[in-house]
C-alpha cells in the first residue's frame with residue numbers, strides 16, 4: 001500500500017509540473033493560431049513563420065483538440081519548403097525534413 005501512495009504522490013507532482021508547462025506553452029503560443037505570431041515582438045522581422053517555427057509549435061501543443069491543426073500547418077510548411085527549394089536541397093536537409101515529418105506522424109498516432 002505504501003508503494004501505491006508514493007506513486008500517487010509522484011504522479012500528482014508530475015501533474016503540477018505538466019500544468020506549469022502547459023501554462024507556459026499557452027502563454028507562448030496563442031490560441032488563435034495560425035493568425036498570431038509565434039514570437040511576439042518579431043512580427044516585422046518575419047511576417048510568416050518558418051516550417052521550423054510551426055514544427056516547434058506542434059511539438060509543444062498540449063491541447064489534443066488543437067494538435068491536428070498544428071501538425072497540419074507544420075506538414076504543409078515542410079511541403080511548401082520542399083517545393084520552393086526543389087533540387088537545391090542537400091541530402092542532409094532532405095533527411096531533416098523527412099525526420100520532422102516522421103516525428104509529426106508519430107505524434108499524431110500517439111495522440112489518437
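Label positions at residue 93 and residue 80, each projected 7 Å from the Cα along the C-beta direction, are separated by 1.7 nm. Ordered by the count of other Cβ atoms within 10 Å of each Cβ, fewest first, 103, 83 give 83, 103.
By the beta-carbon count within 10 Å of each Cβ, the least crowded to most crowded order of 61, 93, fewest first, is 93, 61. Extending 7 Å from the Cα toward the beta-carbon at both residue 62 and residue 111 defines two label points whose distance is 1.5 nm. Per-residue Cβ neighbour counts within 10 Å put 82, 102 in the sequence 102, 82, beginning with the fewest.
Quick note: the coordinates plus some simple rules give every number you see, no bench work behind them. What you are looking at is a predicted structure, and each value in this text was computed from that prediction instead of being measured. Virtual Cβ from ideal backbone geometry, glycine too; neighbours counted across all protein chains shown.
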